[in-house]
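Everything below concerns the one structure shown next.
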Amino acid sequence: MNDWQHGFYKLSPEQRRARLYAARHLSMDDQNVLEERTSTLGDQLVENYLTDYSLPEGVALNLTVNGKEYAVPMVVEEPSVIAAASNGAQRVSRSGGFTAPQQVRALIGQVVIVPEKGRTQENLAWLGDHKDEILQVANAAHPSMQKRGGGAKDMQLRTPGDFISVDLVIDVSQAMGANSVNTMAEAVAHWLTDKGYNVLTAILSNYATHSLQSVECRIDVRYLATPQMSGRQVAERMAQLSELAQVDPYRAATHNKGIMNGIDAVMIASGNDWRAIEAGAHAYAVKDGQYKGLSTWTVDGDYLVGKMTLPLPVGVVGGSIGLNPLTKTNYKVSGIENAEELAAVTASLGLAQNLAAVRALASSGIQAGHMKLQYRSLAVSVGATPEEVPVVTKRLAELDHVDMRVAQEVLAQVRRGE
Ligand code: MEV
C-alpha cells in the first residue's frame, strides 16, 4: 500500500483531500472542483469520503397512474431521458393513463445450506417440519418489524444444484428492508449452524419475485402519429419492435436499458437502491430461460397496448431515504406516500420511457430527438455560458456534421459576433 493511503479512512475529508492533492499532484482547478460540493452527510454515508458527485435532477410531467396525476423527480445525466419520459407519459395520459394494480410486497432472505452427500431429502423434511421455529428465530432477530405488522411470514425451500436454499419471505412494511432481512437471515443461519447444518451464506436475494409490479396502458393510435407516418403505422412497427425484443437478446438488452433509464432515475431521486432494482429486473427478464424485453406492445383494434411486469422491491423509509433532505423533498414533489404507490408510479414511468424510445425507433429514429439534447451538452462541454448555450445549440442543430471541434468553432463564431 502507498504511504499516503495509510489510515486514509481515519482522516477528516479535508485531510484526505490534502493527501490526495499531494499524491496525485492535482492542480488548483482540480482541487476547487473537489471542494465545490462537500457535505457532512456524504462523510457520514461513505468511507474515504472526498466530495459529493452531483447529477442533474428534473421532473417528469403528465404521468397519470390509476387516475392520479404525478410530477416525478428523476435524477439522471443522459440528456434525453426526462424529456422522453414526459413525452411518453403525456401520450398515455391522453388515453386515460396507466393502470397499475396495488403491489403485494415481500422480500426474500436466502439461507443456503450445503447438505451432506445423500442427505438432501432428509434435510428438506427436517427444515419443513421446523418451519414455525425458523420463522420465530427470524422474527426474534427483529421484533420491531413484527410490532409494525411485518416480519417473516413464510418459508419456502428450493434445491438449486446441490444446495438447499431456505427462502424466508419477509414483509418489511414500507422499508427498503435489506439490512433487516440480512439480520433475520443471519439469525436463522446461526440457529441452523447450531443444529449442525453447514450454512454457506445468509443474505437478501435481489431476485425480488415476491414484490412484482405490473402496469398496463392502452393508447389510441392517433396519439402516436408523426408528420411522416400515421398512428397505426407507428403502432404496428412498435409491436414488431416489441416482438424483436422477445426473440433477440441483443435487442432485448437495449429495450430494457430504455426502461431502466426511467426506473433508475426515479429510484435515485426517491433514495432507493437502484443497483438492487437493476439486478432484479434483469434476472426477471431471463426467467423463461431466454433474456427478453420486460415490456410488450401489441395492437388491439385502434389501440396500442403496453404491458410490463417486473420486481420492484422499493421502499419509502430506510437506507439513506430519511437522511438526505432532497430525497424527502422529492416525495413532497411527487406526492407519493407509500411504497405501493412508489412501485406503481415507477413501473408506469418505466413503461412511459419505453414507449417514447420504441415510438422514436419505429418512426424517425432515436437520433433526431437525442441530438437536439446532445447539442446542448456539447455546447456546455466546450465552455458555452448559460447565455451562449441556446445560440450554440441552435446553430449546431443546423449543421450536417457535429463534433467537439465543430462545437468549439461555432462557439468561437458566436463570441466573434459572426
Ligand atoms: C438510450 O439510452 C435508450 C434506448 O436505446 C432504448 C431503446 O433502444 O429502446 C433509446
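The values are calculated or read from the model by the stated rules, or taken from the named source; none is laboratory data. It should be emphasised that the depicted structure is a prediction, and the values quoted were computed from it without experimental measurement. Neighbour counts are summed over all protein chains in view; Cβ atoms, including those assigned to glycine, are modelled from backbone coordinates with ideal geometry. Surface accessibility is based on the protein's heavy atoms, side chains included, excluding ligands, DNA and RNA. Shrake-Rupley method; radii C 1.70, N 1.55, O 1.52, S 1.80 Å.
Can you tell me which residue among 64, 51 is assigned to a loop (DSSP other than H, G, I, E, B) and either among the hydroxyl-bearing types (Ser, Thr, Tyr) or surrounded by 20 or more Cβ atoms within 10 Å (Cβ to Cβ) (or both)?
Values: 64 fails: assigned to a loop (DSSP other than H, G, I, E, B).
When all the criteria are applied, what remains is 51.
Does the range 174-202 hold any residues that are under 16 Å from residue 135 (Cβ atoms) and open to solvent by 40 Å² or more (accessible area, probe 1.4 Å), and which are they? Answer for the range 174-202, where residues must be under 16 Å from residue 135 (Cβ atoms) and open to solvent by 40 Å² or more (accessible area, probe 1.4 Å): 183, 186, 190, 191, 195. Residue count for the range 280-318, restricted to those that are open to solvent by 30 Å² or more (accessible area, probe 1.4 Å), of a type in the set (A, V, I, L, M, F, W, C) and in contact (Cβ under 8 Å) with a residue 60 or more places away in the chain: 3. Would you check which residues across the range 67-91 are of a type outside the set (D, E, K, R), part of a loop (DSSP other than H, G, I, E, B) and within 16 Å of the ligand (Cβ to nearest atom) and list them? If the condition is that a residue be of a type outside the set (D, E, K, R), part of a loop (DSSP other than H, G, I, E, B) and within 16 Å of the ligand (Cβ to nearest atom), then 76, 79, 80 are the ones that fit. Looking at the range 157-263, the strands (runs of 3 or more DSSP E) lying wholly inside it that each contain 2 or more residues that are touching a Lys or Arg at 6+ places or on another chain (Cβ under 7 Å) sit at 164-171, 212-220.
Here residue 321 passes the criteria (1) among the hydrophobic types (A, V, I, L, M, F, W, C); (2) open to solvent by 10 Å² or more (accessible area, probe 1.4 Å); (3) modelled with pLDDT under 95 except the one numbered (2). Restricting attention to the range 349-405 and to residues that are charged (D, E, K, R) and surrounded by fewer than 17 Cβ atoms within 10 Å (Cβ to Cβ), the residue that is nearest to residue 78 (Cα to Cα) turns out to be 372. Residues of the range 205-253 that are within 30 Å of residue 174 (Cβ to Cβ), β-branched (Val, Ile, Thr) and open to solvent by less than 40 Å² (accessible area, probe 1.4 Å): 215 alone. Only one entry in 301, 306, 350 is within 16 Å of the ligand (Cβ to nearest atom), among the small types (Gly, Ala, Ser) and more than 13 Å from the chain's Cα centre (by Cα), namely 306. Output yes when any residue across the range 73-92 is more than 23 Å from residue 273 (Cα to Cα), open to solvent by 60 Å² or more (accessible area, probe 1.4 Å) and free of Cβ contacts under 8 Å to residues at least 60 places away in the same chain, and no when none is. Yes: the range 73-92 contains one or more residues that are more than 23 Å from residue 273 (Cα to Cα), open to solvent by 60 Å² or more (accessible area, probe 1.4 Å) and free of Cβ contacts under 8 Å to residues at least 60 places away in the same chain.
Does residue 153 qualify as being in contact with a helix residue (DSSP H, G or I) (Cβ under 8 Å, 6 or more places away or on another chain), over 30 Å from residue 88 (Cα atoms) and of a type in the set (Lys, Arg)? Criteria met by residue 153.
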